[in-house]
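Data first, discussion second: the structure below is written as structure tokens.
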Amino acid sequence: MDSQSERRRLLDGESGDESPTGLISEQDAYLSKVKNGKLYLATFISVLGPMSFGFVLGYSSPAIPELTRTSDPRLRLDDVQASWFGSIVTVGAALGGLLGGWMVEKIGRKLSLMFCVLPFVFGFTVIIAAQNVWMLYVGRVLTGLASGVTSLVVPLYISETAHEKVRGKLGSCVQLMVVIGIMGVYFAGLFLDWRWLAICCSIPPTLLMVCMCFMPETPCFLLSQGKRREAEEALRFLRGPDASVEWECARIEDACDERGSTFQISDLKDPGVYKPLLIGVMMMLFQQLTGINAIMFYAENIFEQAHFKASDLASVIVGLIQVVFTAIAAMIMDKAGRKVLLIISGVAMTISTAAFGIYFYLMAKIKSAALMDVQIAAGEEAHPELAWLALASMAVFISGFAIGWGPIPWLIMSEIFPVKVRGFASAVVVLTNWSMAFIVTKSFQDMMDLLTSAGTFWLFSSVCFVNVIFTMVFVPETKGKTLEQIEAIFRGTSGP
């Protein structure tokens with residue numbers, strides 16, 4: 001292993017220039033020689049995990065209508081059971097977040113990603129072979145567990161293998177593949193029954209297991225284990241033959257040595273740890289409190305009210321909107337920056353959820369007027385216009401969420417934590433996300449009863465407004481910065 005002085009020489013450049021300008025020029029010179037082909041290949045294979053995760057999330061939409069009408073009484077779901085079938089995935093995912101945080105530190109990012117394939121495939125196998133409702137629940141919990149591990153491991157794997165010029169674009173592919181998976185299962189559900197659909201959902205995780213065998217572990221994890229030669233080999237695979245990977249390896253190793261590799265509870269007093277952890281937790285809270293699950297819950301009814309009778313096709317359209325705008329976010333992430341997209345996203349969701357509140361308020365007024373023997377025809381005449389208001393609001397909300405608050409919290413989670421706390425901090429953040437997803441999903445109807453539909457969506461609008469303020473004040477811009485530079489910002493040892 002190189003000495004500290006040797007690593008410093010590599011970091012400062014052969015000329016010995018220690019000025020910030022010298023460091024930046026050395027960094028640019030290094031990146032100019034990097035070839036991204038194999039990095040893109042490793043990223044594509046790893047995001048088969050989020051695609052599988054999207055299949056899990058979307059599976060309930062086409063499966064529940066079939067299972068509520070099935071001729072087999074052992075598998076027929078009533079309303080309560082259907083609700084649990086859809087939401088119990090989040091319980092498994094919350095547990096998966098905790099498990100994933102332990103796994104990435106003990107066995108590494110690559111093996112954690114490969115092992116999460118087992119509950120994916122086994123869970124869908126249990127669903128395929130289900131003989132009663134409880135087997136369906138077990139299958140959903142297992143696939144949820146795998147989804148929780150995936151949602152933690154894949155962003156870490158990508159952030160630690162990608163360099164700063166493409167990290168935003170590649171990190172956004174996580175959410176892009178999730179929504180592609182959701183749209184894919186909606187589309188396949190038009191042609192396949194729930195058992196064949198589960199078989200198809202098992203294909204991407206199986207490919208992930210096979211292909212990941214040929215991909216490297218992340219250099220950061222290898223260096224934290226004292227495996228410098230393996231880390232250099234991984235970097236040569238990821239950066240191509242022309243890049244002087246010793247420079248990047250020395251930079252990562254220097255950060256590992258300075259911060260240590262063993263997390264202790266006392267580290268939570270360190271501003272370089274608790275500041276990014278609080279930001280990560282708050283971003284996941286805000287993401288779930290934007291009302292995304294509520295909007296998706298009402299999507300089918302809204303399409304029907306706007307005379308789109310094929311509600312299953314409408315679900316595919318919703319999925320397509322998510323895919324298009326998440327892809328746009330991925331393409332512009334490294335140019336526009338994270339903060340700008342979060343702010344634009346928050347403003348779009350604030351306006352659209354406020355409009356949703358107005359829609360439900362006016363609908364309630366029309367129904368009240370009809371009950372008071374006002375001409376029902378007047379209510380029916382206003383109904384299509386109000387439905388189109390809701391459709392427009394939904395389109396703006398989904399596109400706004402997809403371009404910012406959908407992908408970026410996961411990307412920032414993978415960027416802001418120091419090496420030694422990435423497993424623990426990521427587990428806390430993922431647990432927060434999935435726990436809030438479960439709480440919001442299960443309490444949504446109670447909120448509607450307590451606050452009315454209009455009041456609930458105005459509450460979501462208020463939260464989206466707070467999102468914007470929070471982003472402007474607390475969320476750092478990480479565009480173009482190395483993971484080590486981002487860590488320095490939180491420690492107050494470097495300017496943004």
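Numbers for the structure displayed
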quantity	calculated
Segment 189-249: trypsin sites (Lys or Arg not before Pro) in DSSP loop, at most 16 other beta carbons within 10 Å	Lys227
Footprinting exposure proxy for Ile398, Ile469, Ile128 (fewest neighbouring C-beta atoms within 10 Å first)	Ile469, Ile128, Ile398
Derived scalar couplings ³J(HN,Hα) [segment 162-167; Karplus, 6.51 cos²θ - 1.76 cosθ + 1.60; whole Hz; x for Gly, Pro]	7, 9, 5, 6, 10, 5
Residue order, fewest to most beta carbons within 10 Å, for Leu222, Leu75	Leu75, Leu222
HN-Hα J in Hz across segment 426-435 - Karplus 6.51, -1.76, 1.60, θ = phi - 60°, x for Gly and Pro	5, 4, 4, 5, 5, 4, 4, 4, 6, 5
Glu415, Glu246 arranged by Cβ crowding within 10 Å, fewest neighbours leading	Glu246, Glu415
Charge dipole (debye, nearest 20) of segment 73-173; +1 at Cβ of Lys and Arg, -1 at Cβ of Asp and Glu	240
Mean-position separation - Cα centroids, segment 130-157 and segment 406-459, in angstrom	18
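All of the numbers you see were taken from the coordinates with simple rules; none came from a lab. Here the structure is a predicted model, which means the values were calculated and not measured. Neighbour counts are summed over all protein chains in view; Cβ atoms, including those assigned to glycine, are modelled from backbone coordinates with ideal geometry.
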